[in-house]
Structures are given as structure tokens and as C-alpha cells.
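All of the numbers you see were taken from the coordinates with simple rules; none came from a lab. Here the structure is a predicted model, which means the values were calculated and not measured. Glycine gets a Cβ as well: all are built from the backbone with ideal geometry, and neighbour counts include every protein chain shown.
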Amino acid sequence: MTEYLVPAGPGEGELVEKRSRFIGQVWLVESEEAARACIESARKRHYDARHHCWCWRLKDGPERYSDDGEPQGTAGQPMLNVFQREDITNVCCVVTRYFGGILLGAGGLVRAYGQAAKLALDAAGVCVVRRWAEVTVPCPYALFERVRQEVEAAGGVLGEMEYAADVTVRALLPEGAVEAFSARITELTAGGVCVAVTGEQFRGVPRKNVNKS
């Protein structure tokens, strides 16, 4: 099953280190052109800052970074390392620095730029992108909680519920997990509930909503 991690959306984080202000921004991008546009927007937004260090990492493209005037190896590479460690792709990050008048040294810069990038990623959140099967499970209310648990145990994500005489559970299941899930539901309900596959999607789902299958 092919899956990869991307930012859930734009995010921003900020820290102050010895009066220098570091503003990290993260975006979901799918091309070098989009990454360059994000970098340019950060430069325009903080036109009066001394440094706009950046990196990007594309799933089907290159990794790039720039120290933008900071000592070599103290900014862009530590930022990129954050996304490499987290295995995040299709990401662009800019950390803008307003110099506070006190030199931080190489080690201080590495820590500050890396931390600002991580704060921005944490603010953005992470999505798991992969192929999902759309399923519906009509079940008695007495079994709803158990079905919900089985969806999560299969690495799935609950969708909207339909409440009538029974409750209809809608969910996304990872590709390849449907057969085992269906067998489990059949076992739990003694054949009284059938799982219906209604379609499929290739999309991102916030990682906080996804259990590892």
C-alpha cells in the first residue's frame, strides 16, 4: 500500500532567541513553482527582515534549501532535517529572522532554525495520503460502539453517521483492509451485518485521526 505524509495545511510558529525573532511558516506544495511562490510571499510579508531561510521537499521532485546569508549549514539544512526526520514530503518551509543584535553562534542558529521549522509543522499538522475504500456498515445501536472500535482497529477513519431505525456507519478503510474488516464484522454479528464497499478515494486524512494498521 502506497502512502506518504504531507502537511495538513499552512502553519506558523514563532520563537525568540536572545532577542532574535524566528518566524517559521509551512505550506503544502506540489511543485517547485508553488514552493518558490511561497518563499516570495514570505519575503513580501516580512520585507524588513534580515534573513528568509527556506527549504522544500517534494515527493516526486528535488530537495532544496538556502541559508539566505546565514553561516553555511546553520539554517536551511537544519530546517530540511526536520522534514526528513518526520518523513514529510510536498512541503515548503520558510523561517524568517529578525536580528536582535546578539550573535547566536552556529549551534544557536541550528537549534533556532530547526525549532522554528518544527513549531510551524506542528501548527500545520500532518496528513496521511493513501488509497482508501469507502464502506458503509448498517448496524443496531447496541453494536455501534463495537463497530466504531473495529473501524479504528483496522486503521480506518469514521465518516458521517446516519441515524434511523439502525445506525449506518460510514468510514474510510486503508486499501487492503476491507476483507479482514468485513470478516471481523461478520464474526461479531453472527452474520447479521454486512459491510458494503461504496467507492474509493486517494486523499489525505489528518494523522491524528488515523491509527496505524
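Assorted remarks:
- Unit charges at the beta carbon, dipole of region 65-213: most positive-side option, 132, 103, 72: 103
- Remark: spin-label model distance residue 201-residue 175 equals 1.6 nm, labels positioned 7 Å along the Cα→Cβ axis.
- Less than 5 angstrom separates the built amide H of residue 17 from those of 22, all sequence-distant by 5 or more or on a different chain.
- Dipole magnitude of region 131-209, debye to nearest 20 (Cβ charges: Lys/Arg +1, Asp/Glu -1, about Cα centre): 280
- The Cα-based radius of gyration of the chain, divided by its Kirkwood radius, gives an Rg/Rh of 1.16.
- Spin-label model, residue 161 to residue 19: label points 7 Å out along the Cα-to-beta-carbon direction sit 5.7 nm apart.
- For region 134-176, the residues whose amide N sits under 13 Å from a probe point set 7 Å from the Cα of residue 187 along the beta carbon direction are 150, 154.
- Scanning residues 5 or more positions from residue 100 or on other chains, those with amide H under 5 Å from its amide H are 20, 21, with H placed 1.01 Å from N in the peptide plane.
- For the chain, averaging the sequence separation of C-alpha pairs within contact (under 8 Å, six or more residues apart) and dividing by the residue count gives a relative contact order of 25 percent.
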